[in-house]
Amino acid sequence: MGPLATHMAVHILLMNLAAPLAAVAMTWGRPQRREIAGWVLPLATLVQIAALWAWHAPPFLKRALEFPTVHLLMNASLFLTAFLFWRAVLLLHGKRSWQPIVALLMTSKLYCLLAVLFVFAPRALYPAFAASHTAHATGTLNATLADQQLAGLIMLVACPVTYVLAGVVIAARWLLTMEEDEAGSRTGAAAWT
C-alpha cells in the first residue's frame, strides 16, 4: 500500500471501527438508553460529513501532511465527529428508528461518493502527497494515481461493511420490535375479550 491508501486505512479504522466501538462501549449494558433531541442526529450527520469532505480537500490535507499537529487535529476531529455520529445513531430507537437508518444511508452515499472520486479521477488529486513521504518520493505520477485508486477502493469496501450493515441491523431490530409490539397488543386485546 502507498502512503495515501495507508492514510485512508487509518481514517477508516478511526471512523468505522474505533468510533462505533467506543460508542457501543458507552451504551453496552445500560438497562435503558436515554432519548436524544430530534436535532442531534441530523447535526452529528452533517458535522461528520463536513469533516470528512473538508479534511480530504487538497489544501487541508496538504496542511495536515506538512504539520504534525494539524495531522493530529485531523485524525482527532475525524474520530470525534464519527464517535458523536455513532453515539447518536445508537441512542435513537423505537418509533424513531428510521432516523438512524436515513442518517447511515446518507453518510454512506457521501462517503462512497468521495471514494468513487478517488477511484475514477483521471489524475492524481493529491500529487504532493507522495512527494511529502520520503519513503515513497521515488514513485511516479502513475504510482500516485494507483495509490489514490487503491485508497478509494478501500473506502468503497469499508462503506457498505459499516454504514450499510449498521442500517440493516437497525432496520431488522426495528422490524422485530414492531412485530413484538403488535403481538403484545393482540395478546392484550384477547385478554380483554
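From the set of residues in the range 1-25 that are open to solvent by 80 Å² or more (accessible area, probe 1.4 Å) and either at pLDDT 90 or above or outside any loop (DSSP other than H, G, I, E, B) (or both), which is farthest from Leu92 (Cα to Cα)?
Here the answer is Leu13.
Any idea which of Pro59, Pro3 is touching a His at 6+ places or on another chain (Cβ under 8 Å) and closer than 21 Å to Leu114 by Cα?
Of the residues listed, the single one that is touching a His at 6+ places or on another chain (Cβ under 8 Å) and closer than 21 Å to Leu114 by Cα is Pro3.
For every residue, the table says whether it meets (1) over 25 Å from Ala171 (Cα atoms); (2) surrounded by 14 or more Cβ atoms within 10 Å (Cβ to Cβ); (3) over 15 Å from the mean Cα position of the chain (by Cα).
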| position | (1), (2), (3) |
| --- | --- |
| Ile49 | no, yes, no |
| Phe67 | yes, no, yes |
| Leu78 | yes, yes, no |
| Thr81 | no, yes, no |
| Ser108 | no, yes, no |
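Take the range 83-101 and flag every residue that is surrounded by fewer than 14 Cβ atoms within 10 Å (Cβ to Cβ) and touching a residue at least 24 places away in the same chain (Cβ under 8 Å).
Those that are surrounded by fewer than 14 Cβ atoms within 10 Å (Cβ to Cβ) and touching a residue at least 24 places away in the same chain (Cβ under 8 Å): Gly94, Trp98.
Condition first: at pLDDT 85 or above and closer than 20 Å to Leu165 by Cβ. Can you find one or more residues in the range 54-74 that meet it?
Scanning the range 54-74 turns up no residue that is at pLDDT 85 or above and closer than 20 Å to Leu165 by Cβ.
Is it fair to say Val89 is among the β-branched types (Val, Ile, Thr), out of contact with any Leu (no Cβ under 8 Å at 6 or more places or on another chain) and in a helix (DSSP H, G or I)?
Criteria not met by Val89.
Can you tell me which residue in the range 137-156 is modelled with the highest pLDDT, limited to those that are loosely packed, with under 12 Cβ neighbours inside 10 Å and among the hydrophobic types (A, V, I, L, M, F, W, C)?
So, considering only residues that are loosely packed, with under 12 Cβ neighbours inside 10 Å and among the hydrophobic types (A, V, I, L, M, F, W, C), the one modelled with the highest pLDDT is Leu141.
For residues that are modelled with pLDDT of 70 or more and open to solvent by 90 Å² or more (accessible area, probe 1.4 Å), tally how many sit in the range 162-193.
The number of residues fulfilling the criteria is 7.
Would you call Thr45 farther than 30 Å from Glu179 by Cα, open to solvent by less than 80 Å² (accessible area, probe 1.4 Å), part of a helix (DSSP H, G or I) and of a type outside the set (A, V, I, L, M, F, W, C)?
no
Exactly one of these conditions fails for Leu104: (1) closer than 30 Å to Thr144 by Cα; (2) open to solvent by less than 40 Å² (accessible area, probe 1.4 Å); (3) of a type outside the set (Ser, Thr, Tyr). Give me its number.
(1)
The values are calculated or read from the model by the stated rules, or taken from the named source; none is laboratory data. Values in this document were obtained by computation on a predicted structure and should not be read as measured data. Positions of Cβ are backbone-derived with ideal geometry, glycine not excepted, and every protein chain shown enters the neighbour counts. Note: accessible area is taken over every heavy atom of the protein model, side chains too, but ligands, DNA and RNA are not part of it. Shrake-Rupley method; radii C 1.70, N 1.55, O 1.52, S 1.80 Å.
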